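All of the numbers you see were taken from the coordinates with simple rules; none came from a lab. Predicted model only: the values in this text are computed from it and were never measured. Cβ: placed from backbone, ideal geometry, glycine included. Neighbour counts: every protein chain shown.
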Amino acid sequence: MAFNGLIQFRNDNLDGIQSQTVGQQEQYTEIWDNVRTQLLSLVQTGQVDAQIGGTLEYRDAIFRREATGYDESVTSQNTAMRNVQNIGNEGGAAMVRAAAGGRA
């Protein structure tokens, strides 16, 4: 937002943080799924002990539970950041209106 090119309120960096965080969530899940698939393939072909399959399923359940908790936390954080952006936008617009001689 700008007032005669002199006042500018920007919050695009917050958008960048949010999109990076979402991208990281997708990446760690993709990495885990890839590793899990490769290990299960080794179990199925008999290249490693079958007990590893049971351990892997146990570890997968832990990963899914903890990833879900992390994802929920990130979603809450992103919502809070969006609220901060909205408050900043509203406050910035009010300051621009006040600087221009209008009602805040």
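When the charge dipole of segment 9-104 is built from unit charges on Cβ atoms (+1 for Lys and Arg, -1 for Asp and Glu) and taken about the Cα centre, the candidate among LEU39, ALA93, VAL22 whose Cα reaches farthest toward its positive end is ALA93. Axis angle, to the nearest 10 degrees, between helix 12-44 and the longest C-alpha principal axis of the chain: 10 degrees. Approximating the spin labels as points 7 Å out from Cα along Cα→Cβ, the ASN13-to-GLN47 distance works out to 4.7 nm. Measuring r between the beta carbons of ALA80 and THR55 and using R0 = 30 Å, the FRET efficiency lands at 0.20.
For the chain, the longest principal axis of the C-alpha atoms and the axis of helix 51-99 are separated by about 0°.
Given in Å, the Rg to one decimal and the Dmax to the nearest whole number for the Cα atoms of segment 43-104 are 25.2, 78. Summing charges over all other residues whose Cβ lies under 14 Å from the Cβ of GLY23, with Lys and Arg as +1 and Asp and Glu as -1, gives -4. In the calculated pair-distance distribution of the chain, the portion above 19 angstrom amounts to 63 percent of the Cα-Cα pairs. Shown here for segment 15-104: trypsin sites (Lys or Arg not before Pro) in loop regions (DSSP other than H, G, I, E, B) with at most 12 other Cβ atoms within 10 Å, namely ARG103.
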